[in-house]
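Working notes, structure below.
The values are calculated or read from the model by the stated rules, or taken from the named source; none is laboratory data. Bear in mind the structure is a predicted one, so any value in this text is a computation, not a measurement. Reconstructed Cβ throughout: ideal geometry from the backbone, glycine too, with neighbour counts over all protein chains shown. Calculation scope for accessible area: heavy atoms of the full protein, side chains included, ligands and nucleic acids excluded. Shrake-Rupley method; radii C 1.70, N 1.55, O 1.52, S 1.80 Å.
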Amino acid sequence: MNSQKTTRQILEEKTAASERVPLYNPEAIKNISAEFERWKNTVVREQDRQHWTVTPHTMLGSEIPRELIYTPLNNAGLDYQQDLGFSGEEPYTRGIHPNVYRGRTFTMRQLFGAGSPDECNKRMKTLLEHGATGTNWALDLATVQMFDSDEPEARGQVATVGVPIDCVADMEAICQDIPIDKVSASIVTHYPRNTAITFPMYLVMAERRGVPWDRLAGSVQNDFIMESLVRSASEYIPPRDDFRIQCDNIEFIRKNVPQWNYVTLNGYNLREWGTSGVTEMAVALSNGIAILTEMARRGHDIDWIAERLAFFWAPANDFFEEVARIRAVRRLWYKIMKYRFEAKKPRSMWMRCHVQTSGVSLTREEPMNNVIRSAYQALAAVLGGAQSLHVDSYDEAYSVPSEEASLLSLRTQQIIEAETQVTQVVDPLGGSFYVESLTNEIEARILDEVDEIERLGGIVEVVASGWLHRKVVRHIEREQKMIESGEIKVVGRNYHRDPNLKMPDVRVHEFDENIARQMRDKLARLRQQRDNEKVNRCLAALKDACRRGDNVMQYTLECARADATEGEMRRVFIAAFGAWKPPIYG
Amino acid sequence: MAQRKSKIKVLLAQFPLESHNRGIITVAGMLKDAGMEVVLIGNDLPERIIETAIQEDADVVGISTYCGGELALGADLMKSAAEKGIKESTVFLLGGIFPPHNMARLKELGFSATFLAADRAEIVSCIQKAVAEKKSSAQSGAA
């Protein structure tokens, strides 16, 4: 692999020699072209001819111009085998498995959490008794931002939007009597540092219960884009160090917990923060490329790392664009894995993804309209062939979803799965002149943006320099103006707005001081009972490892074994790497 | 009394754990467009937000919140503002997602206005009006 060349250059060089077999015969194309010109000039109205191409403006849309009609002429060189093929075979445009949803329907994964570790445990047991096969935990904000429940930063917010985890004892409480060797756990750790701190607590909990690590299955998010770019926080470390921790986590988990998914390349939160669907995918792919390049540098086999990479996407309102996007990125990731990284195993070339419908596209005005928006977005994700789905609830513009709204989200998924029959046929929109043309266009645009990022020095550099932050800020400001001017239509807000609109009051999950007190008391007891000298030795060793460049997770594991807390480990990272501030803040 | 600067200066901040900032970036853009000077500092503890507001000599402190804690942390912010003597001279605003029934309590704490779903004109005119009121009451107090 020549690191001087960009991904696009490599793909262009390696595919240049392949001979194409056009599906349409040249004579037919010639006839269609002549007929098309006649029809366009004599049948189509003058004003439609003048506005032949229209650019849709939508929340988070990619503003790809659309013609009035699509024909074989939009994709005259289509080579069926090379561009589409069959599902389960290269280039995987039509799906990564031959039977797609006939073999296994999409996983209906709804996120939950809130309350104490004990309450979370009770809720998980109830879900498992009702047939859930895995658990999906939302962590509370203090845990996500890596503060202990008794730090001043956690004041007023412990256990409000997820479960708090300060130490191994909390992991033990959450997983009490749950068969962790049979039930997979999706732990939404978001950030590399958070993953490095809390995942070892899960491993130590298993160890204390006598469950071998190779029996554990599940996933963590572990995405440095989330930590250094997307989130807002009071503390950051430099993006380069954060990227390294992301890679350390991947390496450690791959070696020691073989069934665990160690990274979810998260486009979702970036897009929801404020980018087009093209940038969302270009950034996640660029991070994937950077991870694999770093792992190759560390001497690892590409297939060994690549086969467990997964992606997370946000579908917004432009229906066909969303279907085409998932198909486009599936084909592009295959090409990157095959030609740039020369992967050998089919599994390494699969773009596997979880999809969550777009929260930002939901409105506070007339919240029931959000049910419709989410249902169309979910349908687009299924038509695109997503592996796993979360449907946002109609009240998410107000709060964490109510139980009633969560159930309606699950019902939305079940109606798509059991009633609409869209899952019976693989890639049902494949072959549509329009969808294939849009798929080609989106793939080309994603690759353009991957190329731009590489020419600017790569994903870590465009985050560290603030280039990506500024790109998002520009998007947010421009989009806001387009909503205000009515160029982007939002039904109920700026389009057909009810003049007598009333905002409904809603119930929200209130802060419970009792849980916060229990968490503080438990930490006070822990700090009295544990071997504090051992804790300090482990924290000091972690700091040395950070500076030396050793894999940090081996050391956070020792900290967890000594019952060090999340906040104690976070402070070591800051001490070792120094603080960093994103360039959008003054 | 020293001549006040002509541009309204707004400090925009979030409480420590807030992970969303699309709202505050949007509002920062709106206020800049309206000719105000905006200092976007990101997340910090209430007492440190007040210290920065004093250093920056801000007319307005705007807080964006999505994930709860607005009552406890809003109270801490106001307590700190009172202790440092800027509660009466500064306009305090809070916007984002929180239970509508908390609006009254936030006003009691000393926030001039709270926003759940506001448009550009509403936010800008609210700030202009509140700053003008603070200035005129400061002048009448001085006289």
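A compact table of results
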read-out	value
Sole exception among (1) more than 14 Å from chain B (Cβ to nearest Cβ); (2) of a type in the set (Phe, Trp, Tyr); (3) out of contact with any Pro (no Cβ under 9 Å at 6 or more places or on another chain); (4) under 22 Å from B:GLU18 (Cα atoms) for A:PHE199, by number	(4)
All helices (runs of 4 or more DSSP H) inside segment A:263-313 with 1 or more residues being at positive phi	A:268-274
Top-ranked residue of segment A:75-121 - restricted to ones that are β-branched (Val, Ile, Thr) and in a loop (DSSP other than H, G, I, E, B), ranked as modelled with the lowest pLDDT	A:THR105
Residue match in segment A:485-507 (condition: part of a helix (DSSP H, G or I), over 30 Å from A:GLU558 (Cβ atoms), out of contact with any Ser or Thr (no Cβ under 9 Å at 6 or more places or on another chain) and within 14 Å of chain B (Cβ to nearest Cβ))	yes
Looking only at segment A:154-163, and only at residues there that are assigned to a loop (DSSP other than H, G, I, E, B) and under 15 Å from A:GLY567 (Cα atoms), the one that is farthest from the other protein chains (Cβ to nearest Cβ)	A:VAL158
Members of segment A:127-153 found to be more than 19 Å from A:ILE237 (Cβ to Cβ), in a helix (DSSP H, G or I) and more than 7 Å from every other protein chain (Cβ to nearest Cβ), listed by number	A:LEU127, A:LEU128, A:GLU129
Selection within segment A:456-494 - open to solvent by less than 60 Å² (accessible area, probe 1.4 Å) and polar (S, T, N, Q)	A:SER465, A:GLN480, A:ASN494
Residue check, B:PHE115 open to solvent by 10 Å² or more (accessible area, probe 1.4 Å) and either modelled with pLDDT under 95 or under 17 Å from B:GLN14 (Cα atoms) (or both)	yes
Residues of segment A:350-374 that turn out to be of a type in the set (D, E, K, R) and in contact with a strand residue (DSSP E or B) (Cβ under 6 Å, 6 or more places away or on another chain), as a count	1
Subset of segment A:314-335 (residues that are of a type in the set (Asp, Glu) and in a helix (DSSP H, G or I))	A:GLU321, A:GLU322
Residue, nearest to the other protein chains (Cβ to nearest Cβ), within segment B:109-123, restricted to residues that are part of a helix (DSSP H, G or I) and out of contact with any strand residue (DSSP E or B) (no Cβ under 9 Å at 6 or more places or on another chain)	B:ARG120
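So that you can scan it fast, the table gives a plain yes or no per residue for (1) within 30 Å of A:THR363 (Cα to Cα); (2) open to solvent by 40 Å² or more (accessible area, probe 1.4 Å); (3) in contact (Cβ under 8 Å) with a residue 12 or more places away in the chain:
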site: A:ASN31; (1), (2), (3): no, yes, no
site: A:GLU46; (1), (2), (3): no, yes, no
site: A:THR53; (1), (2), (3): yes, yes, yes
site: A:PRO56; (1), (2), (3): yes, no, yes
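Quick grid of which residues meet (1) modelled with pLDDT of 95 or more; (2) open to solvent by less than 30 Å² (accessible area, probe 1.4 Å); (3) within 13 Å of another protein chain (Cβ to nearest Cβ); (4) over 24 Å from A:ALA290 (Cα atoms):
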residue: A:ILE165; (1), (2), (3), (4): yes, yes, no, yes
residue: A:MET171; (1), (2), (3), (4): yes, yes, no, yes
residue: A:ILE187; (1), (2), (3), (4): no, yes, no, no
residue: A:VAL211; (1), (2), (3), (4): yes, yes, no, yes
residue: A:ARG215; (1), (2), (3), (4): yes, no, no, yes
residue: A:ILE237; (1), (2), (3), (4): yes, yes, no, no
residue: A:ILE245; (1), (2), (3), (4): yes, yes, no, no
